[in-house]
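The values are calculated or read from the model by the stated rules, or taken from the named source; none is laboratory data. Remember, predicted model here, so these are calculated numbers, not experimental data. Reconstructed Cβ throughout: ideal geometry from the backbone, glycine too, with neighbour counts over all protein chains shown. Just the protein is used for accessible areas: all its heavy atoms, side chains included, with ligands, DNA and RNA removed. Shrake-Rupley method; radii C 1.70, N 1.55, O 1.52, S 1.80 Å.
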Amino acid sequence: MGVTGSTGPVMDRDEVDRALARLGAEHEAIETSLLALQDHAGRRLLEGAELTGVTRERWTATEASITLLWTYFDAYTGALRTARGIRARRRWSSREDLAELTELLRGESVTVAGPAAATAHAPTLHATANKLSERFSLGTLVDRMNDLYARSLDMVVAADAVWSALPARIDLLAAELQRTRQLAHSVGVRPGEHPAGDDLERITRTLTRLREQVVSDPLAFWVPAEGSSAPGGGRPDTTVYDREARALEDVRREIDAVLTVRQDAEKRIVRLRDVLSRADRTLAEARTARGEVLAKIAATEVPVVSGPPTALQEQLAAAAEYRRQAQWHRLSPLLESLEQKAEDELLRARESLTAVTAPLAVRAELRGRLDAYKAKVARHGFAEDPLLVERYEKARRMLWSAPCDLRAAEQAVLRYQQAAAELLGSAPRVPGQGGPGDRGE
C-alpha cells in the first residue's frame, strides 16, 4: 500500500476483488431494473399514446433520460469489463495492474459521449448538456443512473397508475349512465323537459371529456404523496369522477321516484280525490252549521266559511291527465305538492267547522251544566225550592229558545248555580266570577 497515485493509495488485491464484486452486484441490479423499466406496461403505453399537456412534457424528458440511462449503463458495463480483464491477467496482480485498477475503479476513468440530442432534456445534466463528452467515476455514474432511473420510474408508474384506475372506472360509470339514460327516456325524463334529463346530458359530456383528458394527459390527474421520495408515491385524482358519480346517483334517485309514481299513481290520485272530497263535505257541513248557528244563536260573531278549493280540483284534473298521457316526470312533483295541499285543505275545513259550531258547543255545555245542577239539587231534596225553580225555568227558556242569547243564558245558568250552592251550603267555584252576592237576579 506504499504506492500512491492520483486517486490516493493503490488498492491491494483484496480491495480490488471486493470492489469488483460490489460493482458487479450493482451492475446486475441496475441491468435488472433497466430491463424491467423497458418492459413496464406504462412505458409501452406512453410510447404509443398521443400525449398532451404535462404528460407530454415529462415523457419527452423521461425518454431522453432512459436513453441516457442506457448510455451510462453501456459505459459502466465497458469499464467493469475492462477492470475484470485487467484483474484476470494473472492470479497475483502486479503493482502496475493494481495501480491501473485503482485508477479505473476509483478515478474518473469512464468517458460518456454527451451529444446535445441525447442529453438536452436530461434533468441531471444541467450545464453539461452541450458537452461532447464527460468523465465520471464508477461511483458517480451509479449515482447518476440511480437518480435518472428513479425519476423515470416515477413518471412511468404515475401515468400507469392513473391509466389503470380512472379509464376503467369511467367506462363502468358511462355504462351505468347509458342504462340510466334509457330508463329516464322510458319515463319521460328528457333534456329540456326535466332537470334530471339536463343533468344526464351534462354528466355525459363531462365523462366523455374526462376520459379524453385522462388518456392523453394522465399526469394531470396524479396527486404526489407528500413527503414521499419513492417512485410512484401518490394517488390518482378522482375528484371529477367522484363528483359525477354522486350526480348520477342523485339522478337515479329522482328516476326511482318517478318510477314509484308510475306504479302508485292511480292509488295516490284516488286518495287525493278522497281527501279533497272529505274537505268539501266538511266545508259544506260548516256552511250548513253556520246557517243553523245564525238562526239559533243571537249576538254572536260567526266566521264566514269559504268555498271549495277549485284550484286544487283543477290541479287534480291535470294530474289525472298526466297519468293518462304517461307524463310521469311531470306527475311526480305535482302529486307531491297536491298531497300536502290536500291535507292542509282538509285541516282548514275541519278548523272552519270547529270555529263555526263553537257557539252550539257552548250552548250544549250550558244545557248540560244546568241539568247536572238540577239533578244534584233533586238528590238533596230541594227540587221544589221556589227560587231554584224560578231560576231554572228562566235559564231553560233562554237555552231552549231561538235565537239564544248565549251571554244572557250563561248569566242565568250562573245565577242558578249560585242559588243551588247557597242552598246546599257551599260556594260555587266558577272561574272568573265573584261570589253569590255579586250578581242580581
Practice item. Could I get the Rg over Rh figure for region 239-395? Both from C-alpha atoms, Rh via Kirkwood, rounded to two places. Key: 1.34
**Study point:** Residues with amide H under 5 Å from that of VAL223, placed H, sequence gap 5 or more
**Key:** ARG235, ASP237
**Study point:** Angstrom value of the Kirkwood radius, inverse mean 1/r, which spans all Cα pairs in region 191-240
**Key:** 13.0 Å
Point to revise | Heavy atoms of HIS194 accessible to a 1.4 Å probe, total area in Å² rounded to 10 | key: 20 Å²
Review point. What order do ARG87, ARG271 take when sorted by accessible area (1.4 Å probe), most exposed first?
Key: ARG271, ARG87
Exercise for review: Place +1 on the Cβ of every Lys and Arg and -1 on the Cβ of every Asp and Glu in the chain, take the dipole about the Cα centre, and give the residue among GLY192, LEU105, ALA220 whose Cα lies farthest towards its positive end.
Suggested key: GLY192
Check your understanding: Out of residues 5 or more away from CYS404 or on other chains, whose amide H comes under 5 Å of its own, with H placed 1.01 Å from N in the peptide plane?
Key -> ILE297, ALA298
Point to revise | Cα coordinate range in region 210-289, projected on the principal axes (Å, largest first) | key: 87, 26, 15
Study note, to complete from the structure: Counting only DSSP loop positions in region 155-224, the trypsin sites (Lys or Arg not before Pro) whose Cβ has at most 15 other Cβ atoms within 10 Å are none
Revision key, fill the gap. Across 10 Å bins beginning at 0, the whole-percent shares of Cα-Cα pair distances in the chain come to 4, 13, 12, 10, 9, 8, 7, 7, 7, 6, 5, 5, 4, 3, 1, 0
Review point. What do you reckon, how do SER152, SER186 stack up by accessible area (1.4 Å probe), largest on top?
Key: SER186, SER152
Review point. In whole Å, how far is the Cα centre of region 141-209 from that of region 24-50?
Key: 28 Å
**Study point:** lysines with Cα under 24 Å of LYS341, excluding same-chain neighbours fewer than 8 positions away
**Key:** LYS267
**Study point:** the chain, accessible surface, carbon-and-sulfur percent (1.4 angstrom probe)
**Key:** 51 percent
Exercise for review: Let me have the 222 nm mean residue ellipticity of the chain computed from DSSP H runs of 4+ only, each contributing -39500 (n - 2.57), with the sum over all residues rounded to the nearest 500.
Suggested key: -25000 deg cm²/dmol
Revision key, fill the gap. Over all Cα pairs of region 311-405, the Kirkwood radius sets Rh, and Rg/Rh then becomes 1.47
**Study point:** Average accessible area per residue (Å²) across the chain - probe 1.4 Å, nucleic acids and ligands excluded
**Key:** 54 Å²
Revision key, fill the gap. GNM of the chain, Cα pairs under 10 angstrom: of GLN213, GLN325, GLN178, the biggest fluctuation goes to GLN325
